[in-house]
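*Asks:* Next up is a structure, given as structure tokens.
Just so it is clear, none of the values below were taken in a lab; they were calculated from the coordinates. On a predicted model such as this, the values are computed, not experimentally measured, just so you know. When we count neighbours, we look across all protein chains shown, and the Cβ atoms used for this are built from the backbone with ideal geometry, even at glycine.
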Amino acid sequence: MTIFSDNLDNQTDIKLLQISDMHLFDTIDKQLVGVNTEQSFLSVLQLAKDHCWPPDLIFLTGDLSQDGSDASYERLNEHLKALNIPCYLLPGNHDTPDKLADLFNHPSVSYQPFLHHGPWLFAFLNSETPGEEGGSLDDAEVTALEREIKRHPTKNVLICLHHQLQTINSPWLDTMAVRNPDRLVNLLSDYPKIRGVIHGHIHQAFESQIADKPVYGVPSTCFQFKPLSKNFAIDTIPPGFRWLRLSSNGAIKTDIIRLQESPVNLDKNSAGY
């Protein structure tokens, strides 16, 4: 059964896929933690086609590339254009925002700050911080977000970024969260129409709340980090993606779908990359 079957749900809902942390390289044969990231990404994409197709929108929440190469972005661009689904991207700590702005400017594959779609406003924040694995938010960008919310007071808002805003009880990853989340967290408290936050970076399913608003992390399309781990550790759970169904009243339905198996050559004993 297809999750997005409209004979089961409200046809006005927005059907959304979140795909994240692909870590693609300049060539298709390279591996990270024993995983061919290109093949794993394409396997997750096929999984989405098998279970959640067609979505209205696809959001890719950072670490699109591992090496920041033009070749990795150009290949991703071609993969996404072939889907004929509007795709929106944002940068992770391994990405180069300027390259994303230059290379992803096609009507169906875009890097932009805001998207208005029906009764929803989607905000794509850049938390990439040059030379750092952790994230930060530019004050001007948060100001622009608040201004956009005020301009469209009836719209539901979903905030999308790469780095997590809060600790996830995994000490090594907690050092790589957004280091200055306070202004954005205050917006979540101040504006009831902000309905939730999605992010990448943590390579695992995660659900929490900030100011009574849901916060969702997502698995990587390649390898996963072991939850609640003090130090870097690889989990054996398979890659996957998140689907979301957004209603006009602001309600969010969501879940994770995973491949049946982890990549064959996954280096379970890796100490980092």
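*Asks:* Restricting the count to DSSP beta bridges whose residues both fall in the range 1-146, what percent are antiparallel, rounded to a multiple of 5? Mind dumping the intermediate values first?
*Replies:* Working: 9 of 20 bridges.
The antiparallel proportion sits near 45 percent.
*Asks:* At R0 = 51 Å, how high is the FRET efficiency between Val264 and Ala211 if r is their beta carbon distance? Nearest 0.05 is fine.
*Replies:* Values: r = 42 Å, r/R0 = 0.83.
In this case the efficiency is close to 0.75.
*Asks:* Counting only pairs 8 or more places apart or on different chains, how many lysine pairs in the range 14-258 have C-alpha atoms closer than 14 Å? Please report the intermediate quantities before stating the final value.
*Replies:* On the way: Lys15/Lys49; Lys15/Lys253; Lys150/Lys193; Lys155/Lys193; Lys193/Lys213; Lys213/Lys253.
Total qualifying Lys-Lys pairs in the range 14-258 comes to 6.
*Asks:* In addition: Report the one residue of Gly250, Leu125, Asn77 whose Cα lies farthest in the direction of the positive end of the charge dipole of the chain (charges on C-beta: Lys and Arg +1, Asp and Glu -1; origin at the Cα centre).
*Replies:* Gly250
*Asks:* While we're on this one: Please report the spacing between the Cα centers of the range 58-81 and the range 105-138 in Å, no decimals.
*Replies:* When both Cα centres are located, 14 Å separates them.
*Asks:* Additional query: Per DSSP H run of n ≥ 4, the term is -39500 (n - 2.57); total these for the chain, divide by its residue number, and report the mean residue ellipticity at 222 nm rounded to 500 deg cm²/dmol.
*Replies:* Values: 6 runs with 60 residues, N = 273.
Mean residue ellipticity, 222 nm, calculated: -6500 deg cm²/dmol.
*Asks:* With N denoting the number of residues in the range 25-70, provide Rg(C-alpha) divided by 2.2 N^0.38 Å, to two decimal places. It would help to have the intermediate numbers written out before the result.
*Replies:* On the way: Rg = 12.3 Å, N = 46, 2.2 N^0.38 = 9.4 Å.
Here the Cα radius of gyration is 1.31 times the empirical estimate.
*Asks:* May I pose another question? Over 22 Å, how big is the tail of the calculated P(r) for the range 14-258, in percent of all Cα pairs? Don't jump to the answer; show the numbers that get you there.
*Replies:* On the way: 14662 of 29890 pairs.
Beyond 22 Å sits 49 percent of the P(r) for the range 14-258.
*Asks:* With an 8 Å Cα cut-off and a minimum separation of 6 or more residues, compute the relative contact order for the range 120-245 in percent.
*Replies:* Working: 240 pairs, mean separation 26.9, N = 126.
Computed over the range 120-245, the figure is 21 percent.
*Asks:* Whole-Hz ³J(HN,Hα) for each residue in the range 219-225, computed from phi via Karplus 6.51 cos²θ - 1.76 cosθ + 1.60 with θ = phi - 60°, x for glycine and proline: what do you get?
*Replies:* Per-residue couplings from phi come out as x, 7, 7, 10, 10, 10, 8 Hz.
*Asks:* Also, quick follow-up: Return the Cα extents of the range 79-215 along principal axes one, two and three, sorted largest first, each rounded to a whole Å.
*Replies:* 39, 36, 28
*Asks:* Between His117 and Thr143, with labels modelled 7 Å along Cα→Cβ, what's the label distance in nm to one decimal, could you check?
*Replies:* 2.9 nm
*Asks:* Here's something else I'd like to know. With charges only on Cβ, +1 for K and R and -1 for D and E, what is the dipole size of the chain about its Cα centre, in debye, rounded to 20? Mind dumping the intermediate values first?
*Replies:* Details: 22 positive and 34 negative charges, 166 e Å.
Charge dipole, the chain, about its Cα centre: 800 debye, nearest 20.
*Asks:* Related question: Of all beta bridges DSSP finds with both residues in the chain, what is the antiparallel percent, to the nearest 5? Display every interim value, and only then the final one.
*Replies:* Values: 28 of 52 bridges.
Restricted to the chain, the bridges split so that about 55 percent are antiparallel.
*Asks:* If the cut-off is 13 Å between C-alpha atoms, which aspartates and glutamates fall inside it for Lys268, apart from same-chain ones fewer than 8 positions away?
*Replies:* Partners within reach: Asp235.
*Asks:* Charges only on Cβ, +1 for Lys and Arg, -1 for Asp and Glu: so what's the dipole of the range 125-223 about the Cα centre, in debye to the nearest 20?
*Replies:* Numbers: 9 positive and 13 negative charges, 102 e Å.
Result for the range 125-223 is approximately 500 debye, rounded to the nearest 20.
*Asks:* Does anything in the range 152-172 have its amide N under 11 Å from the 7 Å Cα→Cβ label point of Asn180, and if so which residues?
*Replies:* Answer for this model: none.
*Asks:* Sticking with this structure for a sec: Per-residue HN-Hα couplings for the range 100-116, Karplus 6.51 cos²θ - 1.76 cosθ + 1.60 at θ = phi - 60°, whole Hz, x for Gly and Pro?
*Replies:* Using θ = phi - 60°, the values come out as 4, 5, 6, 8, 10, 10, 7, x, 9, 9, 9, 10, 8, x, 9, 9, 9 Hz.
*Asks:* Only sites in a loop by DSSP and with at most 14 other Cβ atoms within 10 Å count here; which GluC sites (Glu not before Pro) in the range 117-200 make the cut? Each step should come with its number before you reach the end.
*Replies:* Values: sites: Glu128, Glu132, Glu133, Glu141, Glu146, Glu148; in loops: Glu132, Glu133.
Those that pass, being in a loop and sparsely packed, are Glu132, Glu133.
*Asks:* Sticking with the crude label model, points 7 Å out along Cα→Cβ, report the distance from Thr27 to Asn84 in nm, one decimal please.
*Replies:* About 3.4 nm, to one decimal.
*Asks:* Over the chain, what is the mean sequence separation of C-alpha contacts under 8 Å (at least six apart), divided by residue count, expressed as relative contact order in percent?
*Replies:* Values: 627 pairs, mean separation 57.0, N = 273.
Taking the mean separation of contacting Cα pairs over the length of the chain, I get 21 percent.
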